[in-house]
Amino acid sequence: MARPADGLKVVSANRLDSGAVVWLAADDQWQHHIAVASVFEGATAEAALERAKASAATGVVVDPSLIDVTLENGAPRAVRPRERIRSLGPSVRADLGVQAGRRQ
Amino acid sequence: MSHLQAGHYQYDEIDRRFLTERVEQFRRQVERRIAGELSEAEFRPIRLMNGLYLQLHAYMLRVAVPYGVLSSAQLRQLASIGRQYDRGYGHFTTRQNLQFNWIKLVDVPAILNDLAKVDMHAIQTSGNCIRNVTTDQFAGAAADEVVDPRVYAEIIRQWSTLHPEFTFLPRKFKIAITGATTDRAAIAIHDVGIRARALGQGAVGFDIFVGGGLGRSPFLAKSLRAELPQADLLAYLEAILRIYNQYGRRDNIYKARIKILVHEVGIDALREQIDAEFERIRGPKYRLDPEIVESIRAHFASPPFEDLPAKSPAFEAALARDAVFARWAEINTVAHRQAGYAAVTISLKPPGGIPGDATSDQMDAVADLAERFSFGELRVTHEQNLVLAHVRRDDLRALWQELGKHGLDTANAGLIGDIIACPGLDYCALASARSISLAQQISARFADPEQQHLIGELKIKMSGCINACGHHHVGHIGVLGVDKHGVETYQITVGGSAADDAVLGAVVGPAVGYDEVVAKIGRLVDAYLELRAPGERFVDTVARLGVKAFREKAYGTAA
Amino acid sequence: MALLLKDGAVAEDAWVVVGDDDAAAVPEGAVIVSLDRWRRDRAALSARNTALGIRLKSSQLAAEIAADLDRFTLVVLDFPVFRDGRPFSTARELREHHGFTGEIRASGHVLPDQYQFLVRTGFNTVVVGEGANLASWRHALSEISVAYQAALSAEQPLSNLRRRLDPSGS
């Protein structure tokens, strides 16, 4: 397993209206799947977080933050258990959340 | 909307007007948030005051179940909300409330409106205010009850509702009350614990305890005042809260609970301050009129019990011919003060299941059974189960058979499978580690009813972070999940208790990883079975032999 | 420019807030001073023949000014952040224990959602920012018409637990 020290980051938040987990993706659009999230490194990550905070200030999302990821087959995967569960859904209910394949 | 009358505070037009106004107020607050008039920092405490959290996957709405009492109609409405706005289930909590996990902010005003139709709400289920008052799940039924605590829980609920002075406290404030000789309300681990007592000649008085709480710095409550007269209950609570509001720490969230004030100032000095405030407050304005108490007591009148013999021949016969039923009846029922009746615990802890979760279909089924067998009234317990408080012994077998059809006949109340677990990392934004899946593995491992029976009373309580919603400090076996450099790690304690012999558990050995927890608990249980003296529960053996004996057996070391 | 609200409407504010800087002259007319300034310049401030107001931080409780209350016609209680609920108790203590009958004013970070709590604990006026939504503030006073505990605003007891709130009567 790759280490977070790789410094790869994605930006995540929750939508204000629905609370759904979203990830900052191409064209700074918020998407529901971490796999399509834009991956940042170093200063570009900080800049992306600032853009996300601007999005939060306009009431689209809440609490944006940088999340450590590794790349698996080119797609980002959260490093910490908490963010992995956020990106998939509850580990105890495979029928719920993004992992269930249903639209959120 | 009609409710059956038994044992339930009936809202009148004034209560309903209040609730309708409160729903409208929150609707406008949501609108102001979405319009940008309120920032998230400003909206957060406002939504929390209405039980609305932002969790890992969505908003979570915590619905108040005042002192754990529900009518069938209310439970059906919760089932319906679960279907319409959530994913067809809800989660009963250690504070006798119900949580929905997949809520959208924009739906909340409509949900609150649906709740208001059955006189329910989410007021003060979170936030730095006086929270839902909790009590004995067998109130009004238990054979050992001295004073009905629901009467005073309802009075405190009303008094604390949108209290203008105590809604922005340093931190949350939890009150529990018991009126039985056995404390089933865990009053020692609350900010204020109240023991209602009969003082003779019909008078009721209260022993008041203060400063209990778990979390990062666990404390058991200390005695503040004995035999407080009924008329002074609210004046005295006002005095406690006012001193806390003024002097409780606000510089550090982990030191803001009243238990820290008690610890830092000392119980005697704090009592002096509170008593001085009380003497100033005491007067006609804050006096609790006996007429008020009696008018609220009338809501909790006994249901129309039948005159039945103490022994039920039908029940005795069923016990004799059906060993599985007999085991359930032994484990999941308790003595009732009314001859011919029993109080029944419906376990929400099937082996391998998620503790406290119930589907909307199960809620509907329980609502029907409550109507058929228990006067249309039921309870939520702080151990995350449900209770039908007034079931005829003649009906126990029929009830059990019906429960079985819905997967609700698990015979494990108080046994090793009856695990308290917080939602943990699977749902909660504060959590550091998973707790539900460990509870599932433990209850599956000890699924065998024979083995559970052999082990006897053993309360496992698990929290996925230091905030201790799973009450791990007072578990016979407590499990606390922490995040150690990004890895879920678990600290195991033994010997805790939340009952009358309340005591905090002691760490039994070095913290272990997620994959080792179940095996360690297995070894602790093996150690107990080997070491126990006749008649001893797990917690008794720990008390007699100390933690060291268990450490040696389970960790193979005296270190 | 901040606005002063009384009974849900904008009111004229005749008071001038004086800083803690010794060198600055105290203007004529009604002034508000901090507790520090009062303690330091007590004699000079007392010698003036105009109304005096005092401003307390949220950590400065009612007892700090109890002995001097007859000198003040206004007490300003400051909320450093709306979550700091101490001024609610301070106001109530000033009214109920110390018999203060002058104006109690809320300043700092307060929300419309707290307006009714302020009125019910003995505040008369609130200082709000210029950008405040006055409709939200006005509406906040009548949003809830029932209360479940004794307090200080004009209200009609329905029992000793419940009350009808009268938004027009404060």
Item to complete: Could you check how many residues of the stretch B:416-439 are assigned to a loop (DSSP other than H, G, I, E, B), facing another protein chain (nearest Cβ under 8 Å) and closer than 15 Å to B:Q384 by Cβ?
Response: 1
Item to complete: Answer yes or no: is there a residue in the stretch B:490-508 that is closer than 12 Å to B:S432 by Cβ and either buried (at least 24 other Cβ atoms within 10 Å of the Cβ) or in contact with a Lys or Arg (Cβ under 9 Å, 6 or more places away or on another chain) (or both).
Response: yes
Worksheet item: Looking at (1) within 13 Å of chain B (Cβ to nearest Cβ); (2) modelled with pLDDT of 95 or more; (3) open to solvent by less than 10 Å² (accessible area, probe 1.4 Å), can you tell me which one A:G97 breaks?
Response: (2)
Worksheet item: Given the conditions (1) in contact with a helix residue (DSSP H, G or I) (Cβ under 6 Å, 6 or more places away or on another chain); (2) under 30 Å from B:K461 (Cβ atoms); (3) open to solvent by less than 40 Å² (accessible area, probe 1.4 Å), which single one is not true for B:P351?
Response: (3)
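Might you check whether a residue that is part of a helix (DSSP H, G or I) and modelled with pLDDT of 95 or more occurs anywhere in the stretch B:95-106? Walk me through how you get there before you give the answer.
Residues of the stretch B:95-106 part of a helix (DSSP H, G or I): B:105-106.
Filter once more, keeping what is modelled with pLDDT of 95 or more: B:105-106.
Yes - at least one qualifying residue is present in the stretch B:95-106.
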Practice prompt. Sort through B:R372, B:R445, B:R379, B:R434 and tell me the only one that's modelled with pLDDT of 95 or more, outside the structural domain of B:V474 (by TED's automatic domain parsing) and open to solvent by 40 Å² or more (accessible area, probe 1.4 Å).
Written response: B:R372
Fill in: Matching option when the condition is buried (at least 20 other Cβ atoms within 10 Å of the Cβ) and part of a strand (DSSP E or B), among A:P90, A:P64
A:P64
Worksheet, complete the sentence: B:P66 passes all but one of the listed conditions (1) under 12 Å from B:H121 (Cβ atoms); (2) surrounded by 22 or more Cβ atoms within 10 Å (Cβ to Cβ); (3) within 12 Å of another protein chain (Cβ to nearest Cβ); the exception is number (3)
Worksheet item: Taking the stretch B:41-54, which residues are surrounded by 24 or more Cβ atoms within 10 Å (Cβ to Cβ) and closer than 14 Å to B:A429 by Cα?
Response: B:L52
Worksheet entry | Qualifying residue in the stretch B:259-270 (condition: more than 14 Å from chain C (Cβ to nearest Cβ), in contact (Cβ under 8 Å) with a residue 60 or more places away in the chain and either hydrophobic (A, V, I, L, M, F, W, C) or surrounded by fewer than 21 Cβ atoms within 10 Å (Cβ to Cβ) (or both)) | yes
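Taking strands (runs of 3 or more DSSP E) that fall entirely within the stretch B:298-369, which contain at least 1 residues that are at positive phi? Even if it seems obvious, please write down each step before you answer.
Working: elements: B:333-335, B:341-346, B:357-359.
Hits in the stretch B:298-369: none.
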Item to complete: State which residue is farthest from the other protein chains (Cβ to nearest Cβ) when the search covers only the stretch C:99-117 and only residues that are over 25 Å from C:V16 (Cβ atoms) and in a loop (DSSP other than H, G, I, E, B).
Response: C:G99
Discussion item. Looking at B:G82, B:G140, B:G90 in this structure, which one is part of a helix (DSSP H, G or I) and touching a Phe, Trp or Tyr at 6+ places or on another chain (Cβ under 8 Å)?
Written reply: B:G82
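With the structure loaded, tell me whether B:G179 is of a type in the set (G, A, S), touching a helix residue (DSSP H, G or I) at 6+ places or on another chain (Cβ under 9 Å) and either within 14 Å of another protein chain (Cβ to nearest Cβ) or farther than 19 Å from B:L237 by Cβ (or both) or whether it fails that test.
Working: of a type in the set (G, A, S): yes; touching a helix residue (DSSP H, G or I) at 6+ places or on another chain (Cβ under 9 Å): yes; either within 14 Å of another protein chain (Cβ to nearest Cβ) or farther than 19 Å from B:L237 by Cβ (or both): no.
Spelling it out, it is not the case that B:G179 is of a type in the set (G, A, S), touching a helix residue (DSSP H, G or I) at 6+ places or on another chain (Cβ under 9 Å) and either within 14 Å of another protein chain (Cβ to nearest Cβ) or farther than 19 Å from B:L237 by Cβ (or both).
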Worksheet item: Taking the stretch B:193-209 as the search range and keeping residues that are part of a strand (DSSP E or B) and out of contact with any Phe, Trp or Tyr (no Cβ under 9 Å at 6 or more places or on another chain), which one is surrounded by the most Cβ atoms within 10 Å (Cβ to Cβ)?
Response: B:F209
Fill in: Condition broken by A:R77, with the remaining ones in (1) open to solvent by 60 Å² or more (accessible area, probe 1.4 Å); (2) free of Cβ contacts under 8 Å to residues at least 12 places away in the same chain satisfied
(2)
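Which of the following residues is touching a residue at least 60 places away in the same chain (Cβ under 8 Å) and in contact with a helix residue (DSSP H, G or I) (Cβ under 9 Å, 6 or more places away or on another chain): B:V542, B:V494? Break it down into steps so the answer makes sense when it comes.
Values: B:V494 fails: touching a residue at least 60 places away in the same chain (Cβ under 8 Å).
Of B:V542, B:V494, the one residue that is touching a residue at least 60 places away in the same chain (Cβ under 8 Å) and in contact with a helix residue (DSSP H, G or I) (Cβ under 9 Å, 6 or more places away or on another chain) is B:V542.
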Practice prompt. Please work out which one of (1) more than 14 Å from chain B (Cβ to nearest Cβ); (2) at pLDDT 95 or above; (3) farther than 30 Å from B:R44 by Cβ is the condition C:T50 fails and give its number.
Written response: (2)
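What's the total number of residues in the stretch C:67-96 that are among the polar types (S, T, N, Q) and open to solvent by 50 Å² or more (accessible area, probe 1.4 Å)? Full working, then the answer.
Filtering the stretch C:67-96 down to residues among the polar types (S, T, N, Q) leaves C:73, C:89-90.
Now restrict to residues that are open to solvent by 50 Å² or more (accessible area, probe 1.4 Å): C:73.
The number of residues fulfilling the criteria is 1.
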Worksheet item: Which residue pairs have Cβ atoms under 8 Å apart, sit 6 or more places apart or on different chains, and have a first residue in the stretch C:118-147 that is more than 12 Å from chain B (Cβ to nearest Cβ) and at pLDDT 95 or above and a second that is in a loop (DSSP other than H, G, I, E, B) and surrounded by 22 or more Cβ atoms within 10 Å (Cβ to Cβ)?
Response: C:V126/C:V110; C:V128/C:V110
Worksheet, complete the sentence: Of (1) away from every other protein chain (no Cβ under 13 Å); (2) surrounded by 23 or more Cβ atoms within 10 Å (Cβ to Cβ), B:L169 satisfies every one except (1)
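The values are calculated or read from the model by the stated rules, or taken from the named source; none is laboratory data. No experiment lies behind these values; they were computed from the predicted model shown. Heads up, the Cβs are rebuilt from the backbone with ideal geometry, glycines too, and the neighbour counts pull from every protein chain shown. Just the protein is used for accessible areas: all its heavy atoms, side chains included, with ligands, DNA and RNA removed. Shrake-Rupley method; radii C 1.70, N 1.55, O 1.52, S 1.80 Å.
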